[in-house]
Amino acid sequence: MKVGLFVPCYVDQFYPQAGIATLELLEKLGVEVEFPERQTCCGQPMANSGFSHLTGDCDELFTESFAGYDYVVAPSGSCVLHLKEHLHSKKNPSAAEDLRGRIYELVEFLTDILQIKSLKARFPHKVGVHQSCHGLRGLHLSQMSELVAPGFSKPEYLLNFVEGIELISLNRKDECCGFGGTFCVAEEAVSSKMGKDRVSDHVQNGAEYITGADLSCLMHMEGILKRQKSGVKVMHIAEILNAGE
Amino acid sequence: MVKEETQQQHKGLAEHSGLADIFNRDEQRVNWHDETLWFVRSKRDKAAHSLPEWELLRETASQIKHNVLSDLDTYLQQFEEQALINGVTVHWAADAREHNQIVHSILKKHEINRMVKSKSMLTEECHLNEYLKEHGVEVIDTDLGERIVQLAEEPPSHIVLPCIHKKKEEIGELFHTHLGTAAGESDPQVLTEAARQHLRESFLTRRLALTGVNFAVAETGEFVVCTNEGNADMGSHLADVHIASMGIEKIIPRRKDLGIFLRLLARSATGQPITTYSSHFRKPRAGQEMHIILVDNGRTVQLGREDFRNSLKCIRCGACMNTCPVYRRSGGHSYHNAIAGPIGSILAPNLDMKAYADLPFASTLCGSCSNVCPVKIDIHDQLYKWRQVLVKEGHVSPVKAMGMKVMAFTFAMPRFFAFAGKAGRVVMKYLPFVVSNKLNPWYKEREMPKPPKESFREWYKRERR
Amino acid sequence: MSSREKILAAVRANKPDLQPLPDVIIPVREEGLIEEYRRVAEGIGAKVYEVGGTAEVKELLAASFEPSQRIVSPLEDFADMAEGIEAGIDPHSFADVELAIVRAEIGVSENSALWVPEGNVSQRVIPFICQHLAILINRERIVPTLQQAYSLIGEINYGYGVFIAGPSKTADIEQSLVLGAHGPRSLRVFIVG
């Protein structure tokens, strides 16, 4: 099995450690991973702002970069959802369409494709799980609180393999953090307020770390935490699943 | 001062973000508003989770509505035919203006200049009250929440909970001024009793009552009105003339379909198992005149928009507002439209793209709205699709459009991307949410992550190649 | 072209391809209906009494209402404690009714709603204009959900009918529940048999 690692633009630039942890974790699990260097962005920042007609070149680049792999894996639910729903290619339409079905967010790749039953990791801390909306309601990484359906959580399933970890429970288990791409500046007041409220739910319930499968939300919450000079940290789930002694 | 500012924005070029910013100046109040509506969402969850068949009900309701939209002309004619047999007068209004003229003509015919009205979002959409006021007709809204916002000279901020943005002390002040309750009185029990006495007098003295319509049954020509207070019934059973105004999308095929919709409506709206009254009007009572006004006002246009026609499935329960994290923290008035929240944001651009171009952007696309919707409208997908339409139609600022072009160009050029990243974190330059500039709204309440000493691709090059 | 023609033409031009109309009957439990009815009704502020017959209803009502107060009922059984309701007279004349006693045709345990068609009240305004309302329902006429209720109602050609669940109420002021908005301040449900 050969996996193409997609490290979304802002992860590449701001959170390389999440990309490294993803790579190392997959390799530990016996997967052959490559990082195609011509990759850039999934196109979502443009599309969610209403400019999906500008994402053509981005899409072509993505299709060229990843068409040869069995799977594409990325440590970002939001980018993955966007690609699954919107990746198109004019040059090679069938390749893009085929690729859409082989793109996975890291957590779902571990639970659904690799179907891992155990993991060696240790992280002796109190951790709050942030359910990112696109991972939750788009990729169904967990059951959505609005639906009348049996509960499950793929991130928590994985985190429960980690030695020493204590998962805290939240008052609102799957409310949005307010990042929302350009929303976070276009609607600054509401976005910040949503971020503050989300962070305070974790802090009040005793989290030392906030984790999740989407760094964009974590970046937003980290921005709030840092401004509040809080000691609570954010960490991508790959880093916890890859954490050793 | 804040109120004046809000009103100015309502009249002029209102923008959701600006109005939301004003709303957020009082953080304690935002917390209160958010908690109050979250409480309603929690009640909805409890009610839904008490029915194992909930998702099947939603799916069935959705399918019935799809059927209705696909055969709406047949159902409308069937409904009209039955209503006529029942002795009801049926009117057709192409737009808001015609609707208001029809109401006024009925008032004139009976020489009536005072009337009562129970809750009808359609008449809000048509601005009926303002129209009638200009023509010398006094309208009293009889739903308590609507009466409160009417006294405050504000529009409702929520389709089910019209004065959810008002604190009881503010309502106490209004009642002190208008209904003569004691100064400083803010006990909901006492205030409701005062409203009961005041509105009872209105019910007993007004000869014309207008109600909305929750469902209209094609098969029988009857229409159903749901209230908790009993105001629609008090008004219509005492009046000589009953007018029911309805959007053409309110039709359902059969009486038995009510057995699906009424199970969903109140549970979704407030978490109640059903509203106190679900009143089925089929014929006028002896000696009474009954009118139904079927209103288009843009609905047939929306029906023709393939990506957006499903918004017409809406049964106006308000669940999408209660669950919306943006609505809860920006208030209904920030949507500057009769219908606020996620559903309002996909309905409004159909009526006027320019005036409501901001609304589809007033969302994080979190998707909670689509999940609570009892008729499974893909609300957040439609918000995304409206954004594409609005940009193509030129309703987005040129500055933003240029920024997006530069960003698209950068991401299309891997070498330039890698170089620009090295030169100073390209995303900090081009991703609009992280533009490195102290004037950027990001920095008002948030910090940016510290740029690491090397990017992932730099690390990969060094370590793995 | 009239607005009617314009609207219908626009609908025809813009509607999607025909979608099928579903017919779904959701399976239900038949046991524990009375218990469920009571729990739901009390949960929304009604009082529920299980009684053997109308004599018991009268006793219970007599304990709460004075003969001097205006009590109305279309039910012949209650002629000794309530005045009848004349169909043709001005509905405003009932403005001072303290208590109305009527019979429901169907009860629904999932939401405690009671189906009261026009024929059961003589005047539509009766269950709304009274200060207090008492409704009788036969035990065997309580069904699990609204779907069963509508199949019992079938194609009956009423002029007006209403499902009533609990007393009139509002929570419009800060979501605090207040009973007695515009209609009755209290609802007593008597399950008979």
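Nothing in this text is a laboratory measurement; each read-out follows from the coordinates by a stated rule. None of the values given here were measured: they were computed from a predicted structure. Note that each Cβ is placed from the backbone with ideal geometry, even for glycine, and that neighbours are counted across all protein chains shown.
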Globularity index of the protein assembly as shown, i.e. its alpha-carbon radius of gyration over 2.2 N^0.38 Å: 1.02
Semi-axes of the equivalent ellipsoid for the range B:214-273, Cα gyration tensor, largest first, Å: 20, 17, 9
Selected from C:Asp172, C:Asp77, C:Asp17 as most flexible by GNM, with chain C as the system and alpha-carbon contacts under 10 Å: C:Asp17
Theoretical ellipticity at 222 nm over chain A - DSSP helices of four or more residues, -39500 (n - 2.57) apiece, nearest 500: -11000 deg cm²/dmol
Cα gyration tensor of the range A:5-132 - equivalent ellipsoid semi-axes, whole Å, descending: 26, 17, 13
10 Å-binned pair-distance histogram of chain C (Cα, whole percent): 8, 30, 30, 16, 10, 4, 1
Two-site FRET efficiency, A:Phe161 against A:Asp70, from Cβ-Cβ distance with R₀ of 22 Å, rounded to 0.05: 0.35
Amide H contacts of B:Leu210 (H built 1.01 Å from N, under 5 Å, at least 5 apart or other chain): B:Val116, B:Lys117, B:Ser118, B:Ile243
Inter-probe distance in nm under a simple model that places probes 7 Å from Cα toward Cβ, at B:Gln197 and A:Lys2: 8.5 nm
Qualifying trypsin sites (Lys or Arg not before Pro) in the range B:316-407, DSSP loop, other Cβ atoms within 10 Å at most 16: B:Lys354
Separation in nanometres of the label points that stand 7 Å from Cα toward Cβ, at C:Ala63 and A:Ala149: 5.1 nm
Karplus (6.51, -1.76, 1.60) ³J(HN,Hα), θ = phi - 60°, over the range C:49-60, in Hz, Gly and Pro reported as x: 10, 9, 10, x, x, 5, 4, 5, 4, 4, 4, 5
Where no second cysteine Cβ lies under 4.7 Å, the cysteines concerned in chain B: B:Cys126, B:Cys163, B:Cys226, B:Cys314, B:Cys317, B:Cys324, B:Cys373
Cα-projected label distance for C:Ser176 with C:Glu56, points at 7 Å along beta-carbon direction, nm: 3.8 nm
The range B:8-152: radius of gyration over Cα atoms, expressed as a fraction of 2.2 N^0.38 Å: 1.44
Calculated FRET efficiency for the pair A:Arg38/B:Arg462, C-beta based, R₀ 22 Å, to 0.05: 0.75
Estimated FRET transfer efficiency (B:Thr205, C:Lys47; beta-carbon r; R0 56 Å; 0.05): 0.95
Two-decimal Rg to Rh for the range C:8-68 - Kirkwood Rh, Cα set: 1.39
Rounded Å value of the spacing that divides the Cα centres of the range B:275-339 and the range C:1-78: 22 Å
3J(HN,Hα) from dihedral phi, the range B:128-140, Karplus parametrisation 6.51/-1.76/1.60, rounded to Hz, x for glycine, proline: 5, 4, 4, 4, 5, 4, 4, 9, x, 10, 8, 10, 10
Under Karplus coefficients 6.51, -1.76 and 1.60, residue-wise ³J(HN,Hα) of the range C:137-154 in Hz, glycine/proline x: 9, 6, 3, 6, 9, 9, 10, x, 10, 4, 4, 5, 4, 5, 6, 6, 5, x
Amide H within-cut-off set for B:His91, under 5 Å, with H built and near neighbours excluded: B:Ile292, B:Ile293, B:Leu294
Chain C - mean residue ellipticity at 222 nm from DSSP helices (-39,500 (n - 2.57) per run, n ≥ 4, rounded to 500): -6500 deg cm²/dmol
Charge-dipole axis of the protein assembly as shown as Lys and Arg at +1 and Asp and Glu at -1 on Cβ define it, positive-most pick from B:Phe79, B:Gly136, B:Pro449: B:Pro449
Compactness of chain B, expressed as Rg and Dmax over alpha-carbon positions, Å: 25.0, 91
Magnitude of the charge dipole, the protein assembly as shown, Cβ model with Lys/Arg +1 and Asp/Glu -1, debye to 20: 2540 debye
Highest-MSF residue in chain C out of C:Val72, C:Val11, C:Val97 [GNM, Cα springs under 10 Å]: C:Val11
Overall dimensions of chain A by Cα: Rg and Dmax, Å: 17.4, 52
Student exercise, chain B dipole from Lys, Arg, Asp, Glu Cβ charges, in Debye to nearest 20: 2280 debye
Which of B:Ala209, A:Phe66, B:Phe361, positive extreme of dipole for the protein assembly as shown (C-beta unit charges): A:Phe66
Cut-off under 5 Å, modelled amide H: who pairs with C:Glu50 long-range: C:Ile191
Relative contact order of the range A:2-113, defined on C-alpha pairs under 8 angstrom at six or more residues apart (%): 29 percent
Listed residues B:Leu51, B:Leu107, B:His91: farthest to the positive end of the dipole of chain B (Cβ charges): B:Leu51
Segment B:Glu170-B:Lys444, extension gain: residue separation times 0.36 nm, minus the distance between their alpha carbons: 95.5 nm
Extended-chain gain in nm, criterion 0.36 nm per residue less alpha-carbon gap, B:Thr89 and B:Arg29: 16.9 nm
Residues of the range B:340-362 with amide N under 17 Å of a point placed 7 Å along Cα→Cβ from B:Asp381: B:343, B:346-347
Chain B, helix-only ellipticity at 222 nm - DSSP H runs n ≥ 4, -39,500 (n - 2.57), divided by all residues, nearest 500: -15500 deg cm²/dmol
Total charge dipole magnitude, chain A, about the Cα centre, Cβ charges on Lys, Arg, Asp, Glu only, Debye to nearest 20: 520 debye
